[in-house]
Amino acid sequence: MKKPTKLNKRSIVLVQLILVTSIIVILGLNIFNCNPNKMVLDTKPVKYFKIEKLIDELSFEENAFSDFKENVVAVEGFVEDINSLNNRQTVILRDKENRNTSVICDMQKDQTVLIDSLELGDQVTIKGIFKGALKDIILLNCIIFNQTNQ
Amino acid sequence: MTKFLLALFLIINFSYAQEPKKVIARQGQVSFFSYTSVENIKAENNQVLSIINLEDGSIAISMLMNTFVFEKALMKEHFNESYIESDIYPKATFEGNILGFDAALEGEQTKIIKGIFSMHGVTKELEIKTKIEKSQGKYILSGTFETLVKYYNINIPPLLAGNIAKSISINFRFEYQPYEN
């Protein structure tokens, strides 16, 4: 068997160095540039809710959602309000019975066209990062969810 | 004449009956700023809940700490995991009273809100100067105040101490709607 020459040794070291650097750069980019908007776009929801079920669960147990907090979920409900308060686009979903609790969906900026096509009372499914609940349930980085974007 | 007086009486009574006893802001905004020579940190929370009882001027505010939005993901991570520990202390709350509040007054008034603020397991009495605007039955509360990081038992590693200001500037703005609960 041929002994590795000095040049070959250098090449091996160089390749190893490139590999290690690449891994560090990729990991670094993932850690530091974790983009929640992209996360919502690319990730399949860990849970799909009809809004009635979500509100029911909240009324029974405040910590009912700890399993999917900070995860992407999809919620199907009826448009109660669309507003641009605080210079942000927000869609608020309610259930059929129009109970006191709603789902506040803070939308991604590129959703404008889809939001403009919505009307109050429309049935819609919204995907976003589940943050928790005060009086209402809060989802951030939301997008309108349909067959084409998932 | 009797009919006119009766109509007037009914209109006045009806309008009084329509005055809400409570108002609610479900998308209140609270933002904070930390200015240092190393870096500026800004974050805002746009889903802050607040309810005012117009009869006695009492006010309650509640916010989830993990709904603050930062410019950089790493800032958000440090804030939630190392400083505020939002898993352990998920909410910040304020309960207080608007001193000398006249809910019927149209236009602008400046009042002091005095109450107890709880965050990161620490409760602190606060007095905040607040602008209150009333127009067509809607109330808007807004203001700015400063607070010190050291009050809230937040541990900042010495290495990062230069990145975070000792005094943090806080802005708030709430738009209230009538609330029937």
Exercise for the section: Exactly one condition in (1) surrounded by fewer than 21 Cβ atoms within 10 Å (Cβ to Cβ); (2) touching a residue at least 24 places away in the same chain (Cβ under 8 Å); (3) in contact with an Asp or Glu (Cβ under 6 Å, 6 or more places away or on another chain) is not met by residue B:71; state its number. Expected result: (3)
Handout entry: Positions within region A:83-120 being in a strand (DSSP E or B), farther than 13 Å from residue A:49 by Cβ and either in contact with a His (Cβ under 6 Å, 6 or more places away or on another chain) or not polar (S, T, N, Q) (or both), in sequence order
Key = A:91, A:92, A:94, A:104, A:106, A:107
Problem - Single residue of B:181, B:171, B:155 found to be part of a loop (DSSP other than H, G, I, E, B) and either within 14 Å of another protein chain (Cβ to nearest Cβ) or under 30 Å from residue B:103 (Cβ atoms) (or both) - result: B:181
Problem - Which listed residue is hydrophobic (A, V, I, L, M, F, W, C), over 14 Å from the mean Cα position of the chain (by Cα) and within 14 Å of another protein chain (Cβ to nearest Cβ), from B:165, B:161, B:103, B:73 - result: B:73
Exercise for the section: Kindly indicate whether any position in region B:29-45 is touching a Lys or Arg at 6+ places or on another chain (Cβ under 7 Å), over 21 Å from residue B:116 (Cα atoms), more than 10 Å from every other protein chain (Cβ to nearest Cβ) and of a type outside the set (A, V, I, L, M). Expected result: yes
Problem - Hits in region A:91-145 (condition: open to solvent by less than 10 Å² (accessible area, probe 1.4 Å), over 18 Å from the mean Cα position of the chain (by Cα) and more than 12 Å from every other protein chain (Cβ to nearest Cβ)) - result: A:95
Handout entry: Unique match (being out of contact with any Ser or Thr (no Cβ under 8 Å at 6 or more places or on another chain) and open to solvent by 30 Å² or more (accessible area, probe 1.4 Å)) among B:131, B:76
Key = B:76
Completion exercise
Within region B:84-100, the count of residues that are away from chain A (no Cβ under 11 Å), open to solvent by 30 Å² or more (accessible area, probe 1.4 Å) and farther than 18 Å from residue A:69 by Cα comes to 4
Completion exercise
Screening A:80, A:70 for residues that are among the charged types (D, E, K, R), in a loop (DSSP other than H, G, I, E, B) and within 14 Å of another protein chain (Cβ to nearest Cβ) leaves only A:70
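The values are calculated or read from the model by the stated rules, or taken from the named source; none is laboratory data. Just so you know, these numbers come straight off a predicted model, no measurement behind them. A quick note on method: Cβ atoms are made from the backbone with ideal geometry, for glycine too, and the neighbour counts reach across all protein chains shown. Heavy atoms of the whole protein, side chains included, go into the accessibility calculation; ligands, DNA and RNA do not. Shrake-Rupley method; radii C 1.70, N 1.55, O 1.52, S 1.80 Å.
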